[in-house]
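Engineer: Below is the structure I would like to discuss, written out as structure tokens.
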Amino acid sequence: VHVPPSQWPLFDPATLILHDGSTVPACSFCKKAITSKPECKSHYESLTRRPDGFYQCPFGFTSRSFRFLGKIWVITGVVAHPRFDTEDERRLAKSFPDTRVARAAIDAVVRFFEQLERAQADSLEQSAKVLPQAFHELRKLNAAVLQYAEKELRTNPNAPNLMTIESAAELMRNSFDILEAVSNIEGMRALPRNSTISLYDLLYKVKKVYEVRANERHMRIDANGCRAIIRGSTKAFPMVLTILLENAIKYGKPNSTITANITASDRKAIVKINNLSDYYIDPTKCFERGVRFAPSTEGGGFGLFLAREVVDCHNGTIRCEIEPDGSITMVVTVPLEKVAADRQYLA
Amino acid sequence: MSIWDRLFGKPTLASQGGDLSRDRLVQSGRIAFIDDEKPLLIEELKQSGFSVDHDTTGDNLQNYDNQIYDVAIVDYAGVGRRLGSGQGLEIVKHIRRVSPRTRIIAYTSRSLTSSESDFFRLSHTVLQKDLGLGDSLALIEGELQKALSKEYLFDALITKLKITSGEERQRMQEALVKALAKRDESQFRRYLKEAAGVAAEKGVDILLSKLFVSTK
């Protein structure tokens, strides 16, 4: 807002108390009538089709309509001066003296909302410029941590601290990828998807990164399968396995085993990630944006939504199968490019 | 179809070589790294023996126009200012236009807006700046391998010569396969001159020298 707060027309926007001390509360009569009287309803509906301004309601009150954040709002239940000068209005002014207010004061309230809307748009524009840059700088810092740790590990391969740092930086990168993709789904969809991805190698890498986290919950990750090769985005597709494995650890039962399996059949590569969980999950709704099934655990409900978006982009499908014993299996199917000749099994 | 073809299958471009050995890849591959900063990856590539030119601005287009690079790794921000406001995207567009054989790697961790996302669309793959060195190297080697594959180089030649007819393409491919089988570059050069009317041209010369490189 470009004016100092002392100049704002309101000093309590919640109760619409104006800076000059006057108030514009909706009276109890209006509050009841809005829900029960059809003439009230049609009055407010008619305001959506008319230009912003002052109108008289069927009972004689003044209504001031205005647009805010794409919706039409009305300040009503007041008797504003200059008046419409009708008999009903005079009667209301006598019955509800607290509602008498100047039209200029109501206009000041409207201006306040206009300024608020402008301030919001300015802030969004500013953050759209600044935040991606800040995010990018963070990623570069993380890259330096990861790559220097990797370099040092070559000369000192048994340094446990360096390995922890490297894993933490990889986890951080995964989180950055997910956050970035959620905030820019269109950008994720625009990524080239013609790189060769070995699901076997990818699963092994993700397993390696998340093993530390699984150990913290005394869980084990068993990964096995064939060397299925798919075509896809090397930036986007790893997120699918990351999300599924991270969820399996986060919402899985402590001391249990997570099983990740890759198979190939009928020109399809199939990834199955199974875990035991105490949380009930609705297999039909779990891929919707913002849907969560474990409110006590930290999370935003974006992971599975994003996994589905990425799988969709790769012309694949993702589904969730649940068993009464709490066994949850996420099944991802994507078009298979080929199976590498040397069939190997992960430890 | 000859008896040989019936017995062993018709020779194809893919059957004329396969993947280059790592030594050959290091020896043959030439990489442009366009980034206003100096990422650790450049040093890593050089230490691995690759020929890397670090271009901090993307302003001097001569090397791209001469089509000398197999792979161009292009950052988004801070480069290509001379070409316009699109930064790295302008460089990607330029390289695609003048050097169809160059595989382009979008090198950024930046989240791009929908108007900027052509940077990704026009690139062959994306390399995140915060990927590990080993993984980054593997990705770049994979792109080099593709850039030097016979099929890809042939496609680049077709684009370079602006051949649109399917029949003409087929005839040229067969002539190339025969010449490759005999390792006779001059035979294919003669074909290009006689059948397609292609005289000596630097861009075509580079493609031919890459096509006839030994895989071992």
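The values are calculated or read from the model by the stated rules, or taken from the named source; none is laboratory data. Everything numeric in this text was worked out from a predicted model, so none of it was measured. Don't worry about glycine lacking a Cβ; one is built from the backbone with ideal geometry, like all the others, and counts go over all protein chains shown.
Engineer: Counting only residues that are outside any loop (DSSP other than H, G, I, E, B), of a type outside the set (S, T, N, Q) and within 11 Å of chain B (Cβ to nearest Cβ), how many does segment A:189-201 have?
Structural biologist: Number of matching residues: 3.
Engineer: Answer with yes or no whether B:Gln170 is more than 9 Å from chain A (Cβ to nearest Cβ), of a type in the set (S, T, N, Q) and farther than 21 Å from A:Gly232 by Cα.
Structural biologist: yes
Engineer: Which residue out of A:Val182, A:Val145 is closer than 23 Å to B:Thr113 by Cβ and either out of contact with any strand residue (DSSP E or B) (no Cβ under 8 Å at 6 or more places or on another chain) or not acidic (Asp, Glu) (or both)?
Structural biologist: It is A:Val182.
Engineer: Can you spot a residue in segment A:218-231 that is touching a His at 6+ places or on another chain (Cβ under 9 Å) and either among the β-branched types (Val, Ile, Thr) or within 14 Å of chain B (Cβ to nearest Cβ) (or both)?
Structural biologist: There is at least one residue in segment A:218-231 that is touching a His at 6+ places or on another chain (Cβ under 9 Å) and either among the β-branched types (Val, Ile, Thr) or within 14 Å of chain B (Cβ to nearest Cβ) (or both).
Engineer: Cβ-Cβ distance below 9 Å, separation of 6 or more or different chains: which pairs start in segment B:115-126 with a residue that is in a loop (DSSP other than H, G, I, E, B) and end on one that is acidic (Asp, Glu) and crowded, with 18+ Cβ neighbours inside 10 Å?
Structural biologist: Note: pairs meeting the criteria are B:His124/B:Glu143.
Engineer: Quick one: in segment B:147-167, which of the residues that are among the aliphatic types (A, V, I, L, M) and crowded, with 20+ Cβ neighbours inside 10 Å is farthest from the other protein chains (Cβ to nearest Cβ)?
Structural biologist: B:Leu157
Engineer: Scan B:Ala138, B:Ala196, B:Ala175 and give me the residue that is within 14 Å of chain A (Cβ to nearest Cβ) and aliphatic (A, V, I, L, M).
Structural biologist: Residue meeting the stated conditions: B:Ala138.
Engineer: Which one is modelled with the lowest pLDDT among residues in segment A:155-192 that are of a type in the set (Ser, Thr, Tyr) and within 28 Å of A:Val310 (Cα to Cα)?
Structural biologist: Result: A:Ser183.
Engineer: Another question, if that's okay. Please report, ordered by residue number, the strands (runs of 3 or more DSSP E) entirely within segment A:1-88 with at least 3 residues that are modelled with pLDDT of 85 or more.
Structural biologist: So the answer is A:53-56, A:62-68, A:71-81.
Engineer: Regarding segment A:105-120, can at least one residue be identified that is modelled with pLDDT under 90, within 14 Å of another protein chain (Cβ to nearest Cβ) and more than 30 Å from A:Phe59 (Cα to Cα)?
Structural biologist: no
Engineer: Right, something else. Report yes if B:Ser136 is under 27 Å from B:Asp35 (Cβ atoms), among the small types (Gly, Ala, Ser) and in a loop (DSSP other than H, G, I, E, B), otherwise no.
Structural biologist: The answer is no for B:Ser136.
Engineer: Moving on. Taking interchain pairs and intrachain pairs at least six residues apart, which have beta carbon atoms under 9 angstrom, with the first residue in segment A:130-144 and more than 8 Å from every other protein chain (Cβ to nearest Cβ) and the second hydrophobic (A, V, I, L, M, F, W, C)?
Structural biologist: A:Gln133/B:Ala77; A:Leu138/A:Met172; A:Leu138/A:Phe176
Engineer: Scan B:Leu131, B:Leu144, B:Leu89 and give me the residue that is crowded, with 20+ Cβ neighbours inside 10 Å and either basic (Lys, Arg) or within 9 Å of chain A (Cβ to nearest Cβ) (or both).
Structural biologist: Just one listed residue meets the conditions, B:Leu131.
Engineer: I've got another one for you. Restricting attention to segment A:241-256, report how many residues are of a type in the set (Lys, Arg) and touching a helix residue (DSSP H, G or I) at 6+ places or on another chain (Cβ under 9 Å).
Structural biologist: Residues in segment A:241-256 being of a type in the set (Lys, Arg) and touching a helix residue (DSSP H, G or I) at 6+ places or on another chain (Cβ under 9 Å): 1 in total.
Engineer: Let me ask something else. Would you mind finding the one in A:Ala105, A:Ala121, A:Ala93, A:Ala159 that is more than 30 Å from A:Val74 (Cα to Cα) and not basic (Lys, Arg)?
Structural biologist: Going through A:Ala105, A:Ala121, A:Ala93, A:Ala159 in turn, the sole match is A:Ala159.
Engineer: Restricting attention to segment B:103-110, does a residue exist that is more than 14 Å from chain A (Cβ to nearest Cβ) and not hydrophobic (A, V, I, L, M, F, W, C)?
Structural biologist: No, segment B:103-110 contains no residue that is more than 14 Å from chain A (Cβ to nearest Cβ) and not hydrophobic (A, V, I, L, M, F, W, C).
Engineer: Going by what's in this entry, would B:Ala72 be described as hydrophobic (A, V, I, L, M, F, W, C), surrounded by 17 or more Cβ atoms within 10 Å (Cβ to Cβ), within 13 Å of another protein chain (Cβ to nearest Cβ) and touching a helix residue (DSSP H, G or I) at 6+ places or on another chain (Cβ under 6 Å)?
Structural biologist: Spelling it out, it is not the case that B:Ala72 is hydrophobic (A, V, I, L, M, F, W, C), surrounded by 17 or more Cβ atoms within 10 Å (Cβ to Cβ), within 13 Å of another protein chain (Cβ to nearest Cβ) and touching a helix residue (DSSP H, G or I) at 6+ places or on another chain (Cβ under 6 Å).
Engineer: Related question: Mind telling me which of the residues A:Glu152, A:Glu170, A:Glu186 ends up being assigned to a helix (DSSP H, G or I), touching a residue at least 12 places away in the same chain (Cβ under 8 Å) and not polar (S, T, N, Q)?
Structural biologist: Going through A:Glu152, A:Glu170, A:Glu186 in turn, just one is assigned to a helix (DSSP H, G or I), touching a residue at least 12 places away in the same chain (Cβ under 8 Å) and not polar (S, T, N, Q): A:Glu170.
Engineer: Name the residue, out of B:Leu144, B:Leu176, B:Leu157, B:Leu180, that is touching a residue at least 60 places away in the same chain (Cβ under 8 Å), assigned to a helix (DSSP H, G or I) and more than 16 Å from B:Leu20 (Cα to Cα).
Structural biologist: B:Leu176
Engineer: Select, from B:Ile95, B:Ile105, the only residue that is in contact with a strand residue (DSSP E or B) (Cβ under 7 Å, 6 or more places away or on another chain) and not in a helix (DSSP H, G or I).
Structural biologist: B:Ile105
Engineer: Just checking, which of A:Tyr204, A:Tyr210 is in contact (Cβ under 8 Å) with a residue 60 or more places away in the chain and more than 10 Å from chain B (Cβ to nearest Cβ)?
Structural biologist: A:Tyr204
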